[in-house]
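Chemist: So that we are looking at the same thing, I have put the structure below in structure tokens.
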Amino acid sequence: MTQQTVLSAFYIGYIITPIPGGWFSCCIGGKKALGVVLLCECILTALVPIAAEVSINLLIAVRVLDGAVQGVAFSAFFVLLGKWTVYEQRICPVLSCPVEAIYKRTQYALYTNKSWKWSCSVMRKKSWRLKSDIFDVDLNPGQCVFGLVGLVVWTTLIYETPNTDPFITKKELELFMSSEERTNVTYSSVPWKAIFTSSAVWAIVIGYVAFDAAWYFSITEIPIFISSILGFDAKSTGILTSIPAIARLPVVLLSAACADFIIRRNILSILNTRKLCVIIDLGVAAVCFFIISQVGESLVAFMVLISIIFCALGFNPPGLNTNSLDISSKYAGIIVGIATTFSSIGAFIVPVILGKLTENNNTFKQWSFIFIINAGILLFGMMFFLKFAKGEEQDWSKEGTEQEQEQKETTYLIKSE
């Protein structure tokens, strides 16, 4: 139960900041907001092993802060994405999540290797590997270094809007200016009531709740299941859990390409394309979770099914994720912030339920209940999205566009000259 508390502490902070983080990112810009997130993450990553050595309570506090910082990131990213995509090209990010998952799985596999631990010890003169009944940590300073390098690259090469990018070509700029997107927007009067009462927004919110409950359960609890129920050591567990993440990468890329092809060829409307992706995303994953609850004690069956789940969830970027840009590129960051806040509740509750179910009775039968719960959440999320999702910009997002359009055209003329 203590282990689950440490794992779920992240989501306590993650629940708090997405909505104010979305508004904050709208006000100062997605680039600056993400820069702040990167810097804070570097500091918090360095503090994790130090906090773990002091006390569990301090470790939990750092995890809460970590979640609060990362709660801003996704909203800020969509603020930036809304300014750098045109209506016909909203395929969203398809590379970062699977690469991140592969990196984490690879790290988990490596930390049991003696030469790896030795090299890390040489780098920092003191091993940060902590062995206890509660938590196993092996963080290397490379994470902080990668974060700082990423921060430098981000602040140097990324620009808030196409209009401010000195390297953009005239043809590229014309593409953005000819679209219906608004790259210069003021956020003094966000239509909060209209956003919170929009069925299209709540379709995204509920979809996020379902997806995140399954996704975060998969990346945090599956290694524990393989280790404690299927009986594999840490090194074998790291290798096994990397397989679904690796399998997911080509699926994410392929799903984006397929969605783009379907929309461009007018095979399906934008809305129906999103719905198709969500059916594959949430529906297939739900079926697989239920089957795991029945046959998951077999390693082969479990690995096949969990790999299918990871691949099915790979249809999330061109489906659920991108829908916030469909209904309002102007307020996409705020919509994602609302969705992330509510979805964090599910991601927080599921580990707690699992801890209660398995404490003093860590058996496959108890785990099977949580697999069924995940299946039910996914099915509900899918049905809600199919019922209420929209594929076009909403009326409350169009308000005040005349002044913004005039400002955009003025900026374009200055840029062209």
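Chemist: Which residue, of 355, 283, is of a type outside the set (A, V, I, L, M), at pLDDT 95 or above, surrounded by fewer than 21 Cβ atoms within 10 Å (Cβ to Cβ) and in contact with a helix residue (DSSP H, G or I) (Cβ under 6 Å, 6 or more places away or on another chain)?
Modeler: Working: 355 fails: at pLDDT 95 or above.
Sole residue among the options that is of a type outside the set (A, V, I, L, M), at pLDDT 95 or above, surrounded by fewer than 21 Cβ atoms within 10 Å (Cβ to Cβ) and in contact with a helix residue (DSSP H, G or I) (Cβ under 6 Å, 6 or more places away or on another chain): 283.
Chemist: Hey, among 330, 275, 235, which residue is in a helix (DSSP H, G or I) and in contact with a Ser or Thr (Cβ under 6 Å, 6 or more places away or on another chain)? Before the answer, list the steps.
Modeler: On the way: 330 fails: in a helix (DSSP H, G or I); 275 fails: in contact with a Ser or Thr (Cβ under 6 Å, 6 or more places away or on another chain).
Step by step, each of 330, 275, 235 is checked, and only 235 is in a helix (DSSP H, G or I) and in contact with a Ser or Thr (Cβ under 6 Å, 6 or more places away or on another chain).
Chemist: What is the one condition in (1) modelled with pLDDT under 80; (2) surrounded by fewer than 19 Cβ atoms within 10 Å (Cβ to Cβ); (3) more than 29 Å from residue 158 (Cα to Cα) that residue 54 does not satisfy?
Modeler: Against the list (1) modelled with pLDDT under 80; (2) surrounded by fewer than 19 Cβ atoms within 10 Å (Cβ to Cβ); (3) more than 29 Å from residue 158 (Cα to Cα), residue 54 comes up short only on (1).
Chemist: Could you list all residues from the stretch 278-302 that are in contact with a Ser or Thr (Cβ under 8 Å, 6 or more places away or on another chain) and not in a helix (DSSP H, G or I)?
Modeler: Scanning the stretch 278-302 gives a single hit, 296.
Chemist: Among the numbered criteria (1) closer than 25 Å to residue 254 by Cα; (2) in contact with an Asp or Glu (Cβ under 6 Å, 6 or more places away or on another chain), which one does residue 364 miss?
Modeler: Against the list (1) closer than 25 Å to residue 254 by Cα; (2) in contact with an Asp or Glu (Cβ under 6 Å, 6 or more places away or on another chain), residue 364 comes up short only on (1).
Chemist: Any idea which residue in the stretch 286-301 is nearest to residue 379 (Cα to Cα), counting only those that are hydrophobic (A, V, I, L, M, F, W, C) and surrounded by fewer than 21 Cβ atoms within 10 Å (Cβ to Cβ)?
Modeler: As a first pass, look at the stretch 286-301 and keep what is hydrophobic (A, V, I, L, M, F, W, C): 286-292, 295, 299-301.
After this cut, where a residue has to be surrounded by fewer than 21 Cβ atoms within 10 Å (Cβ to Cβ) as well, the list is 287, 290-291, 295, 299-301.
Values: 287: 9, 290: 11, 291: 14, 295: 20, 299: 25, 300: 25, 301: 22 Å.
Out of the qualifying residues, it is 287.
Chemist: In the stretch 186-245, what residues are of a type in the set (S, T, N, Q) and either touching a His at 6+ places or on another chain (Cβ under 6 Å) or farther than 26 Å from residue 304 by Cβ (or both)? Give the steps one after another, and end with the answer.
Modeler: Here is the first cut: in the stretch 186-245, the ones of a type in the set (S, T, N, Q) are 186, 188-189, 197-199, 218, 220, 227-228, 236-237, 241-242.
Hits for the stretch 186-245 are 186, 188, 189, 197, 198, 199.
Chemist: Count, please, the residues in the stretch 202-246 that happen to be over 17 Å from residue 370 (Cα atoms) and aliphatic (A, V, I, L, M).
Modeler: Of the residues in that region, 10 qualify.
Chemist: Sticking with this structure for a sec: Which residue is surrounded by the fewest Cβ atoms within 10 Å (Cβ to Cβ), if the candidates are limited to the stretch 379-394 and must be in contact with an Asp or Glu (Cβ under 9 Å, 6 or more places away or on another chain) and not small (Gly, Ala, Ser)?
Modeler: So the residue we want is 392.
Chemist: A follow-up question, please. Are any of the residues in the stretch 307-314 buried (at least 22 other Cβ atoms within 10 Å of the Cβ), in contact with a helix residue (DSSP H, G or I) (Cβ under 7 Å, 6 or more places away or on another chain), outside any helix (DSSP H, G or I) and modelled with pLDDT of 90 or more?
Modeler: Yes, the stretch 307-314 has at least one match.
Chemist: Kindly check whether there is at least one residue in the stretch 244-254 that is closer than 30 Å to residue 360 by Cα and modelled with pLDDT of 85 or more.
Modeler: Of all residues in the stretch 244-254, those closer than 30 Å to residue 360 by Cα come to 244.
Filter once more, keeping what is modelled with pLDDT of 85 or more: 244.
Within the stretch 244-254, one or more residues are closer than 30 Å to residue 360 by Cα and modelled with pLDDT of 85 or more.
Chemist: Go through (1) out of contact with any Phe, Trp or Tyr (no Cβ under 8 Å at 6 or more places or on another chain); (2) within 15 Å of residue 217 (Cβ to Cβ); (3) modelled with pLDDT of 95 or more and name the single condition residue 382 misses.
Modeler: So the condition that residue 382 fails would be (2).
Chemist: Step by step: first the residues of the stretch 198-227, then only those that are assigned to a helix (DSSP H, G or I), among the hydroxyl-bearing types (Ser, Thr, Tyr) and over 22 Å from residue 295 (Cβ atoms), then the one that is farthest from the chain's Cα centre (by Cα). Which residue is that?
Modeler: Step one: filter the stretch 198-227 for residues assigned to a helix (DSSP H, G or I), giving 199-227.
Next, only the ones that are among the hydroxyl-bearing types (Ser, Thr, Tyr) stay: 199, 208, 216, 218, 220, 227.
With the extra rule that they be over 22 Å from residue 295 (Cβ atoms), the set shrinks to 199, 208, 216, 220.
Values: 199: 22, 208: 10, 216: 9, 220: 14 Å.
The extreme case among them is 199.
Chemist: Out of the residues in the stretch 253-280 meeting the condition of being under 24 Å from residue 201 (Cα atoms) and charged (D, E, K, R), tell me which one is surrounded by the most Cβ atoms within 10 Å (Cβ to Cβ).
Modeler: 274
Chemist: Residues of the stretch 186-217 being modelled with pLDDT under 85 and touching a helix residue (DSSP H, G or I) at 6+ places or on another chain (Cβ under 6 Å), which ones?
Modeler: Correct list: 187, 216.
Chemist: Here is a further query. Can you tell me which residue within the stretch 11-66, out of those that are touching a residue at least 12 places away in the same chain (Cβ under 8 Å) and assigned to a loop (DSSP other than H, G, I, E, B), is nearest to residue 82 (Cα to Cα)?
Modeler: Per the criteria, the residue is 29.
Chemist: Let me spell it out: the conditions are (1) modelled with pLDDT of 80 or more; (2) out of contact with any Gly (no Cβ under 8 Å at 6 or more places or on another chain); (3) closer than 19 Å to residue 82 by Cα, and residue 149 meets all of them except one. Which number is the exception?
Modeler: Going through the list (1) modelled with pLDDT of 80 or more; (2) out of contact with any Gly (no Cβ under 8 Å at 6 or more places or on another chain); (3) closer than 19 Å to residue 82 by Cα, residue 149 breaks only (3).
Chemist: Here is a further query. Got at least one residue in the stretch 355-371 being closer than 30 Å to residue 328 by Cα, free of Cβ contacts under 8 Å to residues at least 40 places away in the same chain and not charged (D, E, K, R)? I'd like the intermediate steps shown before the answer.
Modeler: Our first condition is that a residue be closer than 30 Å to residue 328 by Cα; within the stretch 355-371, this holds for none.
Within the stretch 355-371, not a single residue is closer than 30 Å to residue 328 by Cα, free of Cβ contacts under 8 Å to residues at least 40 places away in the same chain and not charged (D, E, K, R).
The values are calculated or read from the model by the stated rules, or taken from the named source; none is laboratory data. Everything quoted here is computed from the prediction, not taken from an experiment. Glycine gets a Cβ as well: all are built from the backbone with ideal geometry, and neighbour counts include every protein chain shown.
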